[in-house]
1. Only residues that are farther than 27 Å from D225 by Cα, part of a helix (DSSP H, G or I) and touching a residue at least 12 places away in the same chain (Cβ under 8 Å): list them for the range 236-257, please.
2. In the range 219-235, what residues are farther than 20 Å from H85 by Cβ, assigned to a loop (DSSP other than H, G, I, E, B) and touching a residue at least 12 places away in the same chain (Cβ under 8 Å)?
3. Could you pull out every one of the strands (runs of 3 or more DSSP E) wholly within the range 116-217 that has 3 or more residues that are at pLDDT 95 or above and touching an Asp or Glu at 6+ places or on another chain (Cβ under 7 Å)?
4. What do you reckon, is V144 surrounded by 16 or more Cβ atoms within 10 Å (Cβ to Cβ), over 28 Å from C257 (Cα atoms) and in contact (Cβ under 8 Å) with a residue 12 or more places away in the chain?
5. Could you identify the single residue in E118, E154 that is closer than 15 Å to L82 by Cα, charged (D, E, K, R) and more than 18 Å from the chain's Cα centre (by Cα)?
6. When only residues in the range 10-47 that are closer than 27 Å to G108 by Cα and of a type in the set (S, T, Y) count, which is surrounded by the fewest Cβ atoms within 10 Å (Cβ to Cβ)?
7. Out of the range 236-258, which residues are under 26 Å from V81 (Cα atoms) and basic (K, R)?
8. Condition first: surrounded by fewer than 17 Cβ atoms within 10 Å (Cβ to Cβ) and within 16 Å of I8 (Cα to Cα). Now tell me which residues in the range 190-237 satisfy that.
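The values are calculated or read from the model by the stated rules, or taken from the named source; none is laboratory data. Since the structure is predicted, the reported quantities are computational estimates derived from the model, not experimental observations. Every residue, glycine among them, receives a Cβ derived from its backbone with ideal geometry; neighbour counts consider all protein chains shown.
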Amino acid sequence: MKSPAFPITDDHIHIDPENGRGLEAAKDFFRAGGTHMFLVSKPSWSLGIHPVTGSDYSCVFDETIRIAALVAETGVVVFPVLGVHPAEIGRLTERMSLQEAADLMIAGLDCAAQYVREGKAVALKSGRPHYPVDAEVLSASNRVLAHALVLAAECSCALQIHAETGPCEDVIFMAKAAGVPVERVVKHYATPDTPLHPSFLAKSDGIPDFIRNGRPFTLESDYMDENSRPGAVIGPKSVPRYTKKLLEDGIFTEDDCYRIHGETVRNVYGVEINLR
């Protein structure tokens, strides 16, 4: 296979050999032209793990790193992103109090941060529920998110957040309080109105405007890799195919590809994007 002309990076993807297509999905990404991916840890329950202590999350993180090593053998450069999915608060409160659930999620994030400090992962993930919750759950979730921002500042790393649709403007103030540059707070599944760094699904209508305005953004598939939901959210080929289509349609240039999939990724995550 000839060397790619430019990098193509998926900013948020899951690969799951146990519950999904696993390496076949990673190979699809590579064959479509994908070169780099940010492999995000899945919720604990999806791996059959039911944490009681923060260190229990290490099982999730170790599995993510194991999968990253397997994916790297396909030719894709893999950057692990570790954290605690914000929807875990709902699962945890089925068997403990809200405060205990938030404390456990914070301890799980502390565990994830240690992997970043050791160089095993490049970024953290956190957020708050993307569905309606009562005020107490929202407050507890924001406490977890605030802690994740503090950890990102301490580790000098980016933080991907999974949150409600919309701008999430209040996170700017939370990030500033924690000492995290706003441009390193990544709004996963972003909409164009966010002041955070937007990671757009590779089908967003707002992308041409961002190109014309020169505003930094990244692209993602949020591919879940679950046999029960094939192709959700969009498939592993989506980011490469969408990038190439915009290039063919004259919306992207090759310089745009380098900027979006290389330079911007480097600025946000502090990683080098090199072609093999």
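1. E254, D256
2. Residues of the range 219-235 farther than 20 Å from H85 by Cβ: 219, 230-231, 235.
Narrowing the set further to residues that are assigned to a loop (DSSP other than H, G, I, E, B) leaves 230-231, 235.
Listed by number, the list holds a single entry, G235.
3. Working: elements: 123-127, 158-162, 185-188, 197-201.
Strands (runs of 3 or more DSSP E) meeting the threshold: 197-201.
4. On the way: surrounded by 16 or more Cβ atoms within 10 Å (Cβ to Cβ): yes; over 28 Å from C257 (Cα atoms): yes; in contact (Cβ under 8 Å) with a residue 12 or more places away in the chain: yes.
So V144 passes the test.
5. On the way: E154 fails: closer than 15 Å to L82 by Cα.
The unique qualifying residue is E118.
6. Looking at residues that are closer than 27 Å to G108 by Cα and of a type in the set (S, T, Y), I get S46.
7. Let us first name the residues in the range 236-258 that are under 26 Å from V81 (Cα atoms), namely 236-244, 256-258.
Listed by number, the residues that qualify are K237, R241, K244.
8. If the condition is that a residue be surrounded by fewer than 17 Cβ atoms within 10 Å (Cβ to Cβ) and within 16 Å of I8 (Cα to Cα), then K203, P216 are the ones that fit.
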